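Notes to accompany the following structure.
The values are calculated or read from the model by the stated rules, or taken from the named source; none is laboratory data. These numbers come from a predicted model, not from an experiment. Here the Cβ is made from the backbone with ideal geometry for all residues, glycine too, and neighbour counts use every protein chain on show. Accessible surface areas use protein heavy atoms only, side chains included; no ligands, DNA or RNA. Shrake-Rupley method; radii C 1.70, N 1.55, O 1.52, S 1.80 Å.
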Amino acid sequence: MGVPKTMRAVRITEHGGPEVLEVTDVAVPSPQAGEVLVQVGAVALNNTDLWTREGAYGRPGDPQALSGWRGPVDFPRIQGADVAGRVVAVGADVDRRLVGRRVVVDPAIYDADGPDANPVGLMGSERDGGYAEYVTASAERVHDVTTSPLSDDQLATLPTAYGTALGMIERARLQEGETALVSGASGGVGIALVQIARARGARVLAISGEAKIDAVREAGAQEVVDRARDVAEQIRAAAPDGIDVALDVVAGDLLNEGLPLLREGGRWVIAGALGGYAVTFDARRLYLHNAQIIGSSMHTPTHFDLLMDLARQGEIEPVIAATFLLEQAAQAQEELARRVHVGKIVLHP
């Protein structure tokens, strides 16, 4: 069957609430030299979808400015960073043997070509993404996962959430036997952090709401503390000798309360600010204890290669919270914003 000329897609034409998501028919993109065309099997939702739609990222020197992930959004924009599907066409200079292969797309736009490049853009923000029946991607950024035992839904959950989690864990230099604290543990990144940290042989102490504690423990956390109670007191009781690594997507007050709980040489890695981006802390807790605060934005190409190896081997088990049809993207984003789910929300084109 050939590729059609038009496709269904969901895009935004301005910043705003769920009402700015429009379902429309657009031309199927043509793969340019070095690109492939992927028929989307599943696309997972992320907080980046909400914040890009809202323009909530701010800009250096102007935190209140409406902005996408790394700057102004070029509207109209098809959202969606996390894509699993099949290659149906290739552009010039691309191996045609990719056609028909099941793939996961690395959504990052990097600042260089090397294995340790940093992401400076994101599919669905700086270029069109996967809230559509088809999407183009660089051939270098599609990973063949045909042999993976994971479903398309599960594979689609990996790029941003598990990529972010693996990037945090790699930058934290988490070692077997260390104690890791995971904040926001019931979310997509949080569940990924728990699973990957356990796979590394770490002892995992997680923070979650009471209603989700059992689900977080089932994901692999040895201890779970209730975020509605005194978090620092619960952490001290669960880890009286302190924690080696904090894997944090919350920031806010947690950073100030938690830094004194780090062991000597501890590392606090931040990849989100669900609890607030303006924080204060006692700087003495850093320099007197050789502690580190590390910012972590997604992953490098090397990290993503490691993640795809885990996917091919089936060594991770992504949790699917709910699925929606593409036309229900606004409803799906509203469900994501309510934060009552555990795991990931997925759209089906």
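Across Gly114, Gly91, Gly16, mean-square fluctuation computed from a Gaussian network of the chain (C-alpha pairs under 10 Å connected) peaks at Gly114. For the stretch 221-349, what's the relative contact order in percent, using C-alpha pairs closer than 8 Å and at least 6 residues apart? Answer for the stretch 221-349 is 17 percent. Put the Cα centre of the stretch 159-208 next to the Cα centre of the stretch 1-30 and the gap is 34 Å.
Averaged over its residues, the chain has an accessible area of 43 Å² per residue, based on protein heavy atoms and a 1.4 Å probe. If I build a Gaussian network model for the chain, linking alpha-carbon pairs within less than 10 angstrom, which residue out of Leu254, Leu262, Leu45 has the largest mean-square fluctuation? Comparing Leu254, Leu262, Leu45 in the GNM, the peak value goes to Leu254. How would you classify the stretch 252-349 from its alpha-carbon gyration tensor, with a ≥ b ≥ c the square roots of the eigenvalues: rounded for a/c under 1.5, else prolate if a/b is greater than b/c, otherwise oblate? Because a/c hits 1.5 or more and a/b fails to exceed b/c, the stretch 252-349 counts as oblate. Here the sum of -39500 (n - 2.57) over DSSP H runs of 4 or more residues, divided by the residues of the chain, equals -6500 deg cm²/dmol at 222 nm, to the nearest 500. Note on the stretch 185-238: Rg/Rh from C-alpha atoms, Kirkwood Rh, equals 0.95. With a cut-off of 11 Å between beta carbons, the residues surrounding Pro76 carry a summed charge of -2, where Lys and Arg count +1 and Asp and Glu -1.
Most simply put, the chain has about 55% antiparallel DSSP beta bridges, counting only bridges with both residues inside it. For the stretch 80-126, what relative contact order do you get, as a whole percent, if you take Cα pairs closer than 8 Å and at least 6 residues apart? It rounds to 35 percent for the stretch 80-126. Under 5 Å between amide hydrogens, built in the peptide plane, is the criterion, and for Ala137 it picks out Val36, Val38 among residues at least 5 positions away or on other chains. Build a GNM of the chain with springs between Cα atoms under 10 Å apart, and of Arg339, Arg86, Arg312 the one that fluctuates most is Arg339.
Element breakdown for the chain at a 1.4 angstrom probe: carbon and sulfur atoms account for 47% of the accessible area.
By the scheme Lys and Arg +1, Asp and Glu -1, what is the net charge of all other residues having a beta-carbon under 13 Å from that of Asp226? Here the charged neighbours net out to -1.
For the stretch 95-246, DSSP calls about 35 percent of its internal beta bridges antiparallel.
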